[in-house]
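Structure first, then comments.
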Amino acid sequence: MDHFEYRGSESARELYCEDVPLARIAAEVGTPVYVYSRATLERHARVFTDAVAQAGHAEVHFALKANPNLAVLKVLSNMGLGADVVSAGELDRALAAGITPDCVVFSGVGKTNAEMLHGLDTGIGQFNIESEEEGRDLAALAVSRHAVAPAVLRVNPDVDAGTHAKISTGKAENKFGVAISDAPAIFARLAELPGLDLRGVALHIGSLIADLAPMEAAFARVGQLIADLRAAGQTITHVDLGGGLGVPYRPADILPSPHDYGAMVARVTKGWNVKLMFEPGRVICGNAGVLLTQVIRVKPGAVHPFVIVDAAMNDLARPALYDAYHHFQPVVDGDEEMTANIVGPVCESGDTFAMAREIGVVKQGDLAVFRTAGAYGATMASTYNSRAMVPEVLVDGDKFAVVADRIPAATIMGAERVPEWLK
């Protein structure tokens, strides 16, 4: 459930975010613009937290990579969520949003020494170690700071999540974690190092997972690993099960609910006797946002007309990167439909959102939205083609605020310099 809905008569329904008509945001802020619903963020955070509580002692750490906007993070921080970060910049954002250092988990396969020192100096709650080499570096850095780094070892269970190849992270050929078969020996060597409190294991097999079976298989493998590590004399108190639960992008999508996920986790982890940690991202914020855009013009095509909108692949990269589907809806929707290709103005054939899509009829100047754009939307935006950086808006009931400014191309150009020897 989200808080974007049509109001009005069947012949002329208007799309609202909570109690704010999207047309009002377009008039005051301009387009394209991301629009987030506070009520939806809060509801999804509550539903997920309640779901994993079925498994016992659980901590929820929002994956900042999905949406690092400070206002979004503040909403989730107020809900009691921690943070899963993958860079020093994300760490600083989490802290700026009021998330305490002990509620921060630092993930990521390429942590630099500077980033690990920043995490140590900040006093974060946990490092998710991706390799034996990283663990040794972290231990040495901790010793240099007269500190002890709380950490878990990320393992790769070699389970295919059944998702898109570019967001799969749990197969043997993926770059993340250590092979689960190598984990006992690596864990034993790292556990002996001064400066390291190696207290458990972590895994994450991919994103947009639509079937719980791969997750259950991966968790079962980790359960056996925990038993093996304990049999070897290791102390295991924390297990990070990652994230990856999918969300419906198409109106007909049926996916496992957070409650179903939590019930599966409770069943598989029964008897583990650990603190469970989770890193949800998309499932919290995906359906809490839309990308609001305006139709520049409708151009005749060889088979279907091209609906050219002012949002582009630099604003929403997922369709160009993954052929991802985002449902397209007019803000004022009637009862007529058309078949069209929906494209942006960027000078790339890849700047295409949909081909031969059945949509409500739109014409030049009409407003429309790309749904389920609250995750991996603005955070992946760029200024390609010297376009402005897309702004972001947060709605709360009948009011809204701009929570990230539109950064003009001229401002971005102002940060560039021509050396004297070229003048």
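Of all the residues that make up segment 92-111, how many are open to solvent by less than 60 Å² (accessible area, probe 1.4 Å) and without any contact (Cβ under 8 Å) to a residue 40 or more places away in the chain?
10
Is it the case that Leu255 is over 21 Å from Phe106 (Cα atoms) and within 27 Å of the chain's Cα centre (by Cα)?
So Leu255 passes the test.
Kindly indicate whether any position in segment 112-124 is farther than 28 Å from Glu192 by Cα and surrounded by fewer than 17 Cβ atoms within 10 Å (Cβ to Cβ).
Looking for residues that are farther than 28 Å from Glu192 by Cα and surrounded by fewer than 17 Cβ atoms within 10 Å (Cβ to Cβ), one finds none in segment 112-124, hence no.
Take the conditions farther than 16 Å from Pro391 by Cβ and free of Cβ contacts under 8 Å to residues at least 60 places away in the same chain and apply them to Glu28. Does it pass?
Answer is no for this residue.
Buried (at least 19 other Cβ atoms within 10 Å of the Cβ) and under 20 Å from Pro248 (Cα atoms): is that true of Leu316 in this structure?
Judged against the criteria, Leu316 is a match.
Looking only at segment 35-62, which residues are small (Gly, Ala, Ser) and surrounded by fewer than 23 Cβ atoms within 10 Å (Cβ to Cβ)?
Across segment 35-62, the qualifying residues are Ala39, Ala53, Ala55, Gly56, Ala58.
Given the criteria farther than 29 Å from Cys17 by Cα and modelled with pLDDT of 95 or more, does Thr379 qualify?
no
In segment 368-388, how many are more than 15 Å from Gly344 (Cβ to Cβ) and either without any contact (Cβ under 8 Å) to a residue 24 or more places away in the chain or in contact with a helix residue (DSSP H, G or I) (Cβ under 9 Å, 6 or more places away or on another chain) (or both)?
Here the count works out to 6.
Quickly run through segment 141-157 and pick out the residues that are in contact with a Gly (Cβ under 7 Å, 6 or more places away or on another chain), surrounded by fewer than 22 Cβ atoms within 10 Å (Cβ to Cβ) and over 19 Å from Val85 (Cβ atoms).
Residues satisfying the conditions are Val143, Val148.
Can you tell me which residue in segment 1-11 is surrounded by the most Cβ atoms within 10 Å (Cβ to Cβ), limited to those that are closer than 24 Å to Glu336 by Cβ and in contact (Cβ under 8 Å) with a residue 60 or more places away in the chain?
So the residue we want is Phe4.
Can you name every residue in segment 389-399 that is open to solvent by 40 Å² or more (accessible area, probe 1.4 Å) and either touching a helix residue (DSSP H, G or I) at 6+ places or on another chain (Cβ under 8 Å) or under 19 Å from Tyr325 (Cβ atoms) (or both)?
Residues satisfying the conditions are Met389, Asp396.
Pick from segment 17-34 the residues that are part of a strand (DSSP E or B) and out of contact with any helix residue (DSSP H, G or I) (no Cβ under 6 Å at 6 or more places or on another chain): which of them is most open to solvent (accessible area, probe 1.4 Å)?
Only one residue fits best here, namely Pro21.
Suppose we keep only residues that are over 16 Å from Thr40 (Cα atoms) and among the β-branched types (Val, Ile, Thr) within segment 70-91. Which one would you say is least open to solvent (accessible area, probe 1.4 Å)?
For segment 70-91, the residue satisfying everything is Val85.
Scan Val418, Val362, Val346 and give me the residue that is surrounded by 14 or more Cβ atoms within 10 Å (Cβ to Cβ) and over 28 Å from the mean Cα position of the chain (by Cα).
After applying the criteria, what remains is Val362.
Could you check segment 248-293 and list, in sequence order, the residues that are part of a helix (DSSP H, G or I), open to solvent by 10 Å² or more (accessible area, probe 1.4 Å) and under 23 Å from Asp315 (Cβ atoms)?
Arg282, Val283, Asn287
Filter segment 179-210 down to residues that are assigned to a strand (DSSP E or B), over 23 Å from the mean Cα position of the chain (by Cα) and of a type outside the set (Lys, Arg) and give me whichever is farthest from Gly125 (Cα to Cα).
Top of the filtered list is Ala179.
So Glu14 clears everything in (1) open to solvent by 30 Å² or more (accessible area, probe 1.4 Å); (2) touching a residue at least 24 places away in the same chain (Cβ under 8 Å); (3) assigned to a helix (DSSP H, G or I) except one condition, right? Which one?
(3)
Test Leu225 against the criterion of being in a helix (DSSP H, G or I), open to solvent by less than 50 Å² (accessible area, probe 1.4 Å), over 26 Å from Val85 (Cα atoms) and not acidic (Asp, Glu), and give yes or no.
Answer is no for this residue.
If a residue has to be touching a His at 6+ places or on another chain (Cβ under 9 Å) and closer than 24 Å to Ala140 by Cβ to count, how many in segment 196-230 make the cut?
4
Return the total of residues in segment 194-222 being open to solvent by less than 20 Å² (accessible area, probe 1.4 Å) and closer than 17 Å to Gly135 by Cα.
Of the residues in that region, 7 qualify.
The values are calculated or read from the model by the stated rules, or taken from the named source; none is laboratory data. Being a predicted model, the structure only gives us computed values, none of them experimental. Ideal geometry is used to build each Cβ from the backbone, glycine not excepted, and the neighbour counts take in all protein chains shown. Heavy atoms of the whole protein, side chains included, go into the accessibility calculation; ligands, DNA and RNA do not. Shrake-Rupley method; radii C 1.70, N 1.55, O 1.52, S 1.80 Å.
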